[in-house]
């Protein structure tokens, strides 16, 4: 149980285009999802917290107009990188938090999406 | 402010030997502690957590960790390492009184198990 998927796993795009990444909780409902960014050989940096049906909460320094987050249902959150530039190239990972039971408090992570902007 | 320290960038151990990956933390409230493992180009896999109860927590793949409040540590251990345990390990903490559920991650420790 507690499986999180991400799509696509890898994407290459041209500078100036927008890219959408989907994060789905496959076997549980996730009221809260998180979006992280990971640079090579570095730890995870939290970008934003996404709550179903409400606006995302962005961490300091993260541009909300550039990284659009939508959490329209209890099993799906999307991150759209708008007008992508080469410096946006990174590994993006989502996680989902379960809402109850003995797995409460645990964030389960997706497999990640590698974005390369040319 | 919350923080996590993983003092070792890399830990090398021979297969069959015990392994320890160190983690210390700082939180103002009750610490909720987690260990995750990451294989190349993959997301993080949950190994174990401490929320409350017994200080010794057992998790996936034979790993365990001991919560030590006085030393503010949560070291990851395994009695007998496998080559397949080679990966990047992250310790994470959250303040139990923080309703945002945000996790703070350590910098990661690369574990290399030699055959």
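Throughout, read-outs are computed from the coordinates displayed, never taken from laboratory work. These figures come from a predicted structure and were not determined experimentally. Quick reminder, even Gly has a Cβ in these numbers, built from the backbone with ideal geometry, and neighbours come from all protein chains shown.
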- line: Taking Rh as the Kirkwood radius computed over alpha-carbon pairs of the stretch A:21-118 and applying Stokes-Einstein at 37 °C with viscosity 0.692 mPa s, one gets a diffusion coefficient in µm² s⁻¹ of 240 µm²/s
message: Between the stretch A:42-78 and the stretch B:1-79, how far is it from one alpha carbon centroid to the other, in angstrom?
response: 27 Å
- prompt: In peptide B:26-38, how many Cβ atoms from other protein chains are near each Cβ within 10 Å, on average?
  reply: 1
Spacing of the two label points (7 Å from each Cα toward its C-beta) at residue B:70 and residue A:55, in nm: 4.9 nm
Paired Rg and Dmax values of chain B, which use every Cα atom, in angstrom: 13.6, 44
message: For a protection proxy built on the mean count of beta-carbon atoms within 10 angstrom, sort B:64-71, A:111-118 highest first, please.
response: A:111-118, B:64-71
message: Let me confirm one metric for peptide B:98-105, namely the mean number of other chain beta-carbon atoms within 10 Å of its residues' beta-carbons.
response: 5
field: Percent antiparallel among DSSP beta bridges (both partners in the protein assembly as shown, rounded to 5)
entry: 90 percent
field: chain B: relative contact order as a whole-number percent, Cα under 8 Å and 6+ apart
entry: 38 percent
- prompt: Using the per-residue mean of other Cβ atoms lying within 10 Å as a proxy for protection, in what order, highest first, do the peptides B:72-80, A:36-44, B:55-63 fall?
  reply: B:72-80, A:36-44, B:55-63
- prompt: Quick one: if the Förster radius is 35 Å, what FRET efficiency do residue A:114 and residue B:83 give, using the C-beta to C-beta distance and rounding to 0.05?
  reply: 0.85
field: Peptide ranges A:50-62, B:89-101, A:15-27 listed from the most packed, as the mean C-beta count within 10 angstrom indicates
entry: B:89-101, A:15-27, A:50-62
- line: Averaged over the residues of B:42-51, the number of partner chain Cβ atoms within 10 Å of each residue's own Cβ comes to 5
message: Against the empirical 2.2 N^0.38 Å scaling, what ratio does the C-alpha Rg of the protein assembly as shown come to?
response: 1.01
